[in-house]
Amino acid sequence: MTGPAPVSLDDFEARAQSVLPPEVWDFIAGGSGSELTLRANRQALDSVAVYPRVLGSTLRGTEASLLGTSGSMPIAVAPMAYQRLVHPAGEVAMAEAACQAGIPLMFSALSSCAIEEVARTGATIWFQLYWLQHRPKLEQLIGRAEAAGSTALVVTLDVPIMGRRLRDVRNQFALPADVVAANLTDGAASRAHLASAGESAIAAHTSELLGPSLTWPDLEWLRSRTDLPLAVKGILDPRDAARAVGIGADAVVVSNHGGRQLDGAPASITALAAVVAEVGQQCQVLLDSGIRSGTDVLRALALGASGVLIGRPLLWALAVDGAAGAAQALSLLSTELRESLILAGCADVAAARDLRTDLRSW
Ligand SMILES: Cc1cc2nc3c(=O)[nH]c(=O)nc-3n(C[C@H](O)[C@H](O)[C@H](O)COP(=O)(O)O)c2cc1C
């Protein structure tokens, strides 16, 4: 990497924009519709004020256990499709960075590297499933995830179809030939490679693959199909959280998919407290969408999350400097979180849940 070292995750974003092709940048940065929810994620996080405590405790550490996995901090890498779009080593490089940081990696079913290759990095892998229409293929994928050593499954529930992402439609975005859904198509080209006027090829491919009619009994089937801890991702309504936990989900991820699905859905941080009130005694509640700093992690913890997922900033860092870039971004985040916890007077991650918060327009 040339130039001064990044000192925040935002610095990686600016650099990534200067190195990525504009249509790849748009695919990653964009949200659905008018990008109201995408913007709301940041606005809502920025409105959370946290009251620090003084003369209390000395920070013992930032360690946390999420879904039965001990990690160096309450953070996991969010599942993100097609990481070879931004760097040739793709998910392998991201896994190396996660491993170095001591945190789990959620591995997307739409990854561009094979799960077995990524598992060889030694990273803790949580396999993220999309609900494939073809049930035998879905079963095969679960078996493959288990055999490769995934320590948890995450099922994403907020993509019955892909949100309408206007940047991709305008760009007629399609995957380049050398980026494939490595775990689904065995390297073959797919609908995602066929650019056509007035649509995103990725959206067309995803709609072809996924079953829009996923139901609660399907989730029961998945629960009975695996002994691995199971997280459900893409929950905003506490009633859905309660139902998923009733079926045996071990964790709920409060997420609006980084503003990429229903435009007009609330910011994840706005939806968090009600979900925690509903199921927080029974399972862990994680959060993603818009987290960009250690202060943001502190905000989520103070509002009751057990941990957070980080999405786009890690793709920016991967684009800028591969595994080293992503590792550096995670190291920055770790430093920021440590400093935030010290400044807030917390002895550990759990203590952050006792902090007072309020909302303000500053
Ligand atoms: C380029 C990109 C690809 C994504 N692919 C997936 C995916 O395959 N599966 C999934 O559950 N979520 C996917 N997501 C959503 C992320 O897991 C996460 O919910 C979101 O990015 C968090 O918001 P943030 O990027 O603001 O941190 C993707 C997000 C982006 C930006």
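The values are calculated or read from the model by the stated rules, or taken from the named source; none is laboratory data. Since we're looking at a predicted model, the values are computed, not measured. Positions of Cβ are generated from backbone atoms using ideal geometry, with glycine treated the same way; all protein chains shown enter the neighbour counts. Protein only, heavy atoms only, side chains kept; ligands, DNA and RNA dropped before computing areas. Shrake-Rupley method; radii C 1.70, N 1.55, O 1.52, S 1.80 Å.
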Problem set entry | Alpha-carbon spread of the chain, three principal axes, descending order, Å | 60, 51, 40
Exercise. Karplus couplings for segment 284-301 from phi (6.51 cos²θ - 1.76 cosθ + 1.60, θ = phi - 60°), rounded to Hz, Gly and Pro as x?
Worked result: 7, 10, 9, 9, 9, 4, x, 5, 10, 7, x, 4, 5, 4, 4, 4, 5, 5
Exercise. For segment 1-50, what's the radius of gyration and Dmax over Cα atoms, in angstrom?
Worked result: 13.8, 38
Exercise. Put +1 on the Cβ of every Lys and Arg and -1 on every Asp and Glu Cβ in the chain; which of VAL297, ALA81, ALA145 then has its Cα farthest towards the positive end of the dipole?
Worked result: VAL297
Exercise. Got a sec? Which residues in segment 44-72 would a label at ARG356 touch, if it sits 7 Å along Cα→Cβ and we count backbone N under 19 Å?
Worked result: 47-57
Exercise. Under a point spin-label approximation (7 Å from Cα along Cα-to-Cβ), what is the LEU343-ASP218 distance to one decimal in nm?
Worked result: 4.4
Problem set entry | Amide proton proximity set for LEU129, modelled H, under 5 Å, gap of 5+ | VAL154, VAL155, THR156
Exercise. Using alpha-carbon positions, what is the distance between the centroids of segment 121-149 and segment 178-225, in Å?
Worked result: 14
For this session: Would you please name the trypsin sites (Lys or Arg not before Pro) within segment 1-61 that are DSSP coil residues with at most 16 other C-beta atoms within 10 Å of their C-beta?
Result: ARG53, ARG60
Seminar exercise, completed: Rounded to a whole %, the carbon-and-sulfur portion of the accessible area of the chain at a 1.4 Å probe is 52
For this session: Please work out the FRET efficiency for the pair SER47 and GLN133, using the Cβ-Cβ distance as r and a Förster radius of 56 Å; give the result to the nearest 0.05.
Result: 0.90
Problem set entry | Most mobile listed residue (GLU199, GLU63, GLU139) in the chain, GNM with C-alpha springs under 10 Å | GLU139
Seminar exercise, completed: the chain: relative contact order from alpha carbon pairs under 8 Å, six or more residues apart, as a whole percent, is 27
Problem set entry | Most to least packed among 27-33, 207-213, 293-299, 255-261 [average Cβ atoms within 10 Å] | 255-261, 293-299, 27-33, 207-213
Seminar exercise, completed: Along the dipole axis of the chain (charges at Cβ: +1 for Lys and Arg, -1 for Asp and Glu; origin at the Cα centre), the most positive-end residue among ALA344, LEU286, VAL155 is ALA344
Exercise. Expressed as a whole number of Å, what is the distance separating the alpha-carbon centroids of segment 321-339 and segment 1-56?
Worked result: 14
For this session: In whole Hz, with x marking every Gly and Pro, tabulate ³J(HN,Hα) for segment 241-254 from phi via Karplus 6.51 cos²θ - 1.76 cosθ + 1.60, θ = phi - 60°.
Result: 4, 4, 5, 5, 5, x, 7, x, 5, 8, 7, 10, 9, 6
